[in-house]
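Report on the following structure.
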Amino acid sequence: MLSLRNIHLQKGSFTLKKVSFDVKDRDYFVILGRTGSGKTLLLETIAGLHKHAGTVFYHKRDITDLPPEKRKIGFVYQDFALFPHLSVVKNIRFSDRYQKQSINSQWDELIDFLDLENLLHRNIRYLSGGEKQRVALARAIYSRPNILLLDEPLSAIDPSFRNTIMENLRGLNHRFHITVVHVTHNFREAAYLADKIGIMMNGKLVQQGPVQKVLQHPDTIPIARFLGFKNILPDRLIESDPEGHYFSLNPTLINISSHALERDHNISGNCIEIREDTDYFKLIFDVDGCPVFVKIAKQIYDPAIIQVGASLHLSFTHSAVTRFQASENFDEASV
């Protein structure tokens, strides 16, 4: 298991703020965050490239003060960092210069897994972004690391090849017995690849856990905003005895009618805006001074009922509601 405890690091004006997490052996852990949130700096810290407060453990052994070359960590940077004067095969086998690898018995499996057979004697300069990415992965795996760090590995890949690379990444942790820590700003990438996800904001790991729990049940309002949750509203709209908390309402799970329906919640409001999209309508309602966004499919849209200025009922079940921690303020912009 890889364990980080209270990793704290000041780099210029940026600070990693007491980051802690665990990654089980052969797990695929994805750290999701905006550009500038500290993701790459955290990977470099795990790799041993920066002095820091806090402790890094691997299999309960303190490796905090080990130099990078002693940590058995592979690092694939966003720009691949391949050697342009070497062929593909020499790039992959670069670690032979320092120690003879025992992976030779798995060479064919590695080349087949990343579909590199026809590229082995090519010049790095003439490879596509997707081909370079596969070579960089192969080089990192060939060196037999215990831990593989991936820095935005799909950001420079042509969209037409992204699915192929994602398929290469998925399962490599089990196939080659590697623990993976992968950073990205792409939600789809994280959901597809991860065993667990951590959300990073402003140098702090603000939530972590199983993929669906984190993506569908954010702990706080800032995390919900980052994940794209809509309709962050005060609980007074649905609670008879509100406590000043907030909730998110899924805009696709709201029924609109001229009367209250038999649902867990019913609120009423005035329609103030209607916008037509390709196959649905976007509606904005004013509900007790709060704007509520509703997304409704064209086939169930009734223009005789839904009109600008109409007073209508919005009905929904508990499943459309995500609640947030009581300590969060609605106007909070950062963690």
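The values are calculated or read from the model by the stated rules, or taken from the named source; none is laboratory data. None of the values given here were measured: they were computed from a predicted structure. Glycine gets a Cβ as well: all are built from the backbone with ideal geometry, and neighbour counts include every protein chain shown.
Of Gln299, Gln212, all but one fail to be assigned by TED's automatic domain parsing to the domain that holds Val19 and on the phi < 0 side of the Ramachandran plot; the exception is Gln212.
This table checks each residue for (1) modelled with pLDDT under 95; (2) touching a strand residue (DSSP E or B) at 6+ places or on another chain (Cβ under 6 Å).
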site: Leu261; (1), (2): yes, yes
site: Ile274; (1), (2): no, yes
site: Val287; (1), (2): no, yes
site: Ala304; (1), (2): yes, no
site: Ala333; (1), (2): yes, no
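Check whether at least one residue in the stretch 95-107 is at pLDDT below 95 and either of a type in the set (A, V, I, L, M) or in contact with a strand residue (DSSP E or B) (Cβ under 7 Å, 6 or more places away or on another chain) (or both), and report yes or no. Within the stretch 95-107 (the criterion being at pLDDT below 95 and either of a type in the set (A, V, I, L, M) or in contact with a strand residue (DSSP E or B) (Cβ under 7 Å, 6 or more places away or on another chain) (or both)), the answer is yes, since at least one residue qualifies. Within the stretch 300-319, residues that are assigned to a strand (DSSP E or B) have Cβ atoms under 8 Å from residues that are surrounded by 11 or more Cβ atoms within 10 Å (Cβ to Cβ) and among the charged types (D, E, K, R) in these pairs: Ser315/Arg263; Phe316/Arg263; Phe316/Asp264, counting only partners at least 6 apart in sequence or on another chain. Summed over the stretch 139-169, the residues that are aliphatic (A, V, I, L, M), modelled with pLDDT of 80 or more, in contact with a helix residue (DSSP H, G or I) (Cβ under 7 Å, 6 or more places away or on another chain) and not in a helix (DSSP H, G or I) give a count of 3. The residues listed here are His121, His182; of these, the one that is farther than 19 Å from Gln78 by Cβ and outside any helix (DSSP H, G or I) is His121.
Criterion applied to Leu9, Leu49, Leu16, Leu32 was being more than 19 Å from the chain's Cα centre (by Cα), of a type in the set (A, V, I, L, M, F, W, C) and assigned to a strand (DSSP E or B), and the one residue passing it is Leu9. Just one of the listed residues (Arg225, Arg236) is part of a helix (DSSP H, G or I) and within 29 Å of Ser13 (Cα to Cα), and it is Arg225. Looking at the stretch 246-256, is at least one residue farther than 26 Å from Ala191 by Cβ and either at pLDDT 90 or above or surrounded by 13 or more Cβ atoms within 10 Å (Cβ to Cβ) (or both)? The answer is yes, given that some residue of the stretch 246-256 is farther than 26 Å from Ala191 by Cβ and either at pLDDT 90 or above or surrounded by 13 or more Cβ atoms within 10 Å (Cβ to Cβ) (or both). Only residues that are surrounded by fewer than 20 Cβ atoms within 10 Å (Cβ to Cβ) and touching an Asp or Glu at 6+ places or on another chain (Cβ under 8 Å) were counted across the stretch 39-58, and they come to 3.
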